[in-house]
Amino acid sequence: MLPPATAALYITNGALELLGAAIALLNPNFLISDSVVVAAPPPSNESKPLLTRRNRSWHYAERWSLFCLSMGLASFYIGVSGTQERSPGFELGWLVYHVTMIAQRAREKTNVFVGVPLHAGIAVWFAYTLWGPAQ
């Protein structure tokens, strides 16, 4: 049986990944648009989509959303099922993912003020779950 804090971690992580998957599936332009970072209007009045169904970026946005959907569902299921044992391999995978997202958000300056603290918090929580005193 999962400890309550670990179950909460899996549920929180799963819910956030499912939200990311929904955003990527329904509006992938939101993920890469500069308008997410900058509150000012775009420099021109043209509103050109950043992604189209014909280009590679759209393809990778769709694939990323499917990854987040599947892993988010798995994480959420582990958290709510109550019958699963801890899964250190799964936890380590999520830790590495969130650490790399911190580096990516810091380097690309996209959604830094939300993305970095959010991923940092979840990464610390997974690290504590893996190597904290109760483990």
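Things to note:
- What the phi angles of segment 114-128 give under the Karplus curve with 6.51, -1.76 and 1.60, with θ = phi - 60°, is a coupling list of 9, x, 5, x, 5, 5, 5, x, 5, 5, 4, 4, 5, 4, 5 Hz, glycine and proline written as x.
- For LEU92 and ALA5, a Förster radius of 22 Å and the Cβ-Cβ distance give a FRET efficiency of 0.80, rounded to the nearest 0.05.
- Estimated FRET transfer efficiency when R0 is 41 angstrom, pair ALA74-ASN29 (beta carbons, to 0.05): 0.90
- Among the GluC sites (Glu not before Pro) in segment 85-119, those located in a DSSP loop and surrounded by at most 15 other Cβ atoms within 10 Å of their own Cβ are GLU85.
- Heavy atoms of ILE78: accessible area, 1.4 Å probe, square angstrom to 10: 20
- Net lengthening on full extension, PHE67/ALA106 (0.36 nm per residue, minus Cα-Cα): 11.8 nm
The values are calculated or read from the model by the stated rules, or taken from the named source; none is laboratory data. Bear in mind that the values here come from a model prediction, so they are computed numbers and not experimental data. Ideal geometry is used to build each Cβ from the backbone, glycine not excepted, and the neighbour counts take in all protein chains shown. Remember, those area values only see protein heavy atoms, side chains included, never the ligands or the DNA or RNA. Shrake-Rupley method; radii C 1.70, N 1.55, O 1.52, S 1.80 Å.
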